1. Once the piece of chain linking Gln107 and Ala247 is laid out straight, how much longer is it, given 0.36 nm per residue of separation minus the C-alpha distance between them?
2. Quick one: if the Förster radius is 22 Å, what FRET efficiency do Phe238 and Arg141 give, using the C-beta to C-beta distance and rounding to 0.05?
3. How much of the accessible area of the range 136-213, probe 1.4 Å, is carbon plus sulfur, in whole percent?
4. Calculate, for Lys124 and Thr96, the FRET efficiency according to 1/(1 + (r/R0)^6) with r their C-beta to C-beta distance and R0 35 Å; round to the nearest 0.05.
5. So which chymotrypsin sites (Phe, Trp or Tyr not before Pro) in the range 138-177 end up in coil per DSSP with only 13 or fewer other C-beta atoms within 10 Å?
6. Restricting to DSSP loop positions (anything but H, G, I, E, B) with no more than 13 other Cβ atoms inside 10 Å of their own Cβ, which trypsin sites (Lys or Arg not before Pro) remain in the range 136-233?
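The values are calculated or read from the model by the stated rules, or taken from the named source; none is laboratory data. All values derive from a computational prediction rather than experimental measurement. Ideal geometry is used to build each Cβ from the backbone, glycine not excepted, and the neighbour counts take in all protein chains shown. Just the protein is used for accessible areas: all its heavy atoms, side chains included, with ligands, DNA and RNA removed. Shrake-Rupley method; radii C 1.70, N 1.55, O 1.52, S 1.80 Å.
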Amino acid sequence: MQEFKEKIRFFLRRSKTSKAKRTVANFFVSSPEEAAFLNLGELAERIGVSPATISRTSVEMGFSGYPDLQEQIRSKLKIGITPVERLKETPADESTPIWTRSIMRDQESLNALLSMNSGEKFQKAVELFASAPNVYSLALRSSYPLTFFFNLLLFQIRPNVHHISIDDGQLTESVFDIGRNDVLFVVSLPRYTKFVLEVTEKIRRTGCRVVSITDSELSPLAIASDIAFFCRYESVSFFNSNIAAEAIINALLSGVLQHLGQDGVQRLEKHSNAMKEWSSRFSLGVQGYLHDQ
């Protein structure tokens, strides 16, 4: 990852690089998901340069050509790699029990979090989540439980927390009132969900700030975010591991409550009392129903 980015950065630092070639290089950085699957002709038309310029730029950046550069983008983003293909890429280690390998892989992902993210970034995100008029969250598929958990607990310590609804056909209603100074929390890891990226871009244009969890600076979600947290997601099997992403969420929730202070504690206590009251009423209702039967 670092080597890939350094090649492009070194190329852009060259004073004699033409405007057309800079356009090509900047597109690779700003829109890697598109570059991963556009053929040479499509990319040339998309950014308004000749196919020859793209080929020459790719070579000058240190790749053997555009196909080589494109393949490296795909490998960094893990776009289009199916669960079966991922399983095939995972080296088999029969000498170590899978229980041990799985736990060790997750430990490695957790250990990498501090080097992949800064305390300054964390504090800025905490302040946004604590002070924004409204906080919205969005994710799909295997990332959905992460934002559901975040939304559920954040609601207990501050008001005006919303989970964007998609499955019930109320997307328009869910995003209708989003405005400037609100915050959108998004999680998307490879394979990225195109729909989530499109919704995020549209919401950002309203002036809403975006805080995300994704895998790297080259992620299309990172490019669309005001603050992006990075984490490893690889497991020893065919699926993404959400352990590191969950650790980020745990830290954010703890930080928000600390920032809110007594206001957050009072709301948490109020929520706990309401839970007790409603749980008691529901329990009595069920018992009465069973008794009547």
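1. 49.3 nm
2. 0.95
3. 52
4. 0.30
5. Counting only loop positions with at most 13 other Cβ atoms within 10 Å, the chymotrypsin sites (Phe, Trp or Tyr not before Pro) in the range 138-177 are Phe176.
6. Passing both the DSSP loop test and the Cβ count: Arg180, Arg205.
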